[in-house]
Each structure stands twice: as structure tokens, then as C-alpha cells.
Amino acid sequence: MSDWTAPAFIDALEALLIVRPTLVAMVPKVTVFTYDPNPDDSITDQLVIGYRVTDEKEPAAVGQGRYDETVTVSCEILIIRVGAGGAVAAAARDRAADVYGEIDNELRTDPLPVVGDQTIHAQIRRDEMMQFPSTYGVAGVAVRVCVIRFDVEYTARTSPAS
């Protein structure tokens, strides 16, 4: 069995995104997590990479011990805006879409995170958006929430385990 590439891919994608100029310039700051955030972490403008990861391995060539590993990295964008009504909901939704667009553009336009022997492809798959009202804090402040959940799917060629 080959070495598993998912942890290295998550770390490499995070490294690319935290220096992406358009993402860095967003105000308020988008916090990128490679773990499920704690309540003590920032509650809004979050990007969580890899809260769940699954994969499939197929032999790349008979007798070579190499595999093509297709990995699904589940991600989530969480945007919360204080207030109520259509304008606040649209602000949360537009911000979530902007963050989503930056991730999509990173995977489409820049060199992919290299894991294993070679990263063959990476793309966003299976996305969904949810919008809803909520309250925040002890005072129960009204907020609008937009969540986009999506999968980054990549295929990496790997050599036999070391």
C-alpha cells in the first residue's frame, strides 16, 4: 500500500491559500483552518479544509507497486453577518461566493499542490450552499449565516510505501 497523501495535500493547499493576494486582501480576514475549529476560534469568515477525507486507490500499473489515489477533501466556508433581512443575507452570500471563487481559481490557474510522485488533477466537486437566520452570543444578536460546503477532489500518483 502506498503512503497516504491527504495530510500533505491539505497542508499544501492551506499554504497556497493563505498567501493568495485576493484572499489575503479580504476584510474582514478569512481564517483558514485545517481542522474543525473550536468555539474559541474566530466564528465568522472561516474556511475549513479537510474536516473529512476519503479516498480510493487503484493500481497505476501492473507489478509496479504504484497507485493512483483519488482523494476527496471535504471543505466548508462559514460566513456570519450581524443583522437581518435581504441586504445582510446577500452580503453573507456574496462574501461566501467570493471565498469559494478564490479557491476554485487557485485550483484552476496556479500549480497544484504536489503530493506523492505527482498530483494529476485537482478540482472542486459536489458543492452546496445553505443560508439561514440565527442568533449569536448571550444577548442573542440577530445574524445571517451562509455556509458553502464542497469537496476538493484530487488524484495523485504514488510509489510503494517507504
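Being in contact (Cβ under 8 Å) with a residue 60 or more places away in the chain and either touching a helix residue (DSSP H, G or I) at 6+ places or on another chain (Cβ under 6 Å) or not in a loop (DSSP other than H, G, I, E, B) (or both) is the filter here, so list the residues in the range 80-94 that pass it. Passing the criteria: I80, R81, V82.
On inspection, E56 does not qualify as acidic (D, E), within 25 Å of A15 (Cα to Cα), part of a strand (DSSP E or B) and at pLDDT 95 or above.
For the residues E14, E69, the requirement of being surrounded by 16 or more Cβ atoms within 10 Å (Cβ to Cβ), among the charged types (D, E, K, R) and outside any strand (DSSP E or B) singles out E14. The set of residues in the range 128-146 that are assigned to a strand (DSSP E or B) and either without any contact (Cβ under 8 Å) to a residue 60 or more places away in the chain or among the β-branched types (V, I, T) (or both) comprises E128, M129, M130, Q131, F132, P133, S134, T135, V141, V143, V145. Exactly one residue out of V115, V99 is part of a loop (DSSP other than H, G, I, E, B) and surrounded by 15 or more Cβ atoms within 10 Å (Cβ to Cβ): that is V115. Right, V152: assigned to a strand (DSSP E or B), under 23 Å from the mean Cα position of the chain (by Cα) and either surrounded by 16 or more Cβ atoms within 10 Å (Cβ to Cβ) or aromatic (F, W, Y) (or both) or not? When the stated conditions are applied, V152 passes them. Within the range 50-79, being touching a helix residue (DSSP H, G or I) at 6+ places or on another chain (Cβ under 6 Å) and more than 19 Å from P28 (Cβ to Cβ) holds for G50, V53, V71. Among the residues of the range 102-112, just one is assigned to a loop (DSSP other than H, G, I, E, B) and either of a type in the set (A, V, I, L, M) or modelled with pLDDT of 95 or more (or both), namely L112. Contact annotation: residue pairs with Cβ atoms under 6 Å, 6 or more positions apart or on different chains, pairing a residue in the range 31-46 that is without any contact (Cβ under 8 Å) to a residue 24 or more places away in the chain with a partner that is surrounded by 14 or more Cβ atoms within 10 Å (Cβ to Cβ) and in a loop (DSSP other than H, G, I, E, B), are T31/S42. Of the residues making up the range 148-156, one or more are closer than 20 Å to T31 by Cα and of a type in the set (D, E).
The values are calculated or read from the model by the stated rules, or taken from the named source; none is laboratory data. Because the structure is predicted, anything quoted here is derived from the model rather than measured. As a convention, Cβ positions derive from the backbone with ideal geometry for all residues, glycine included, and neighbour counts pool all protein chains shown.
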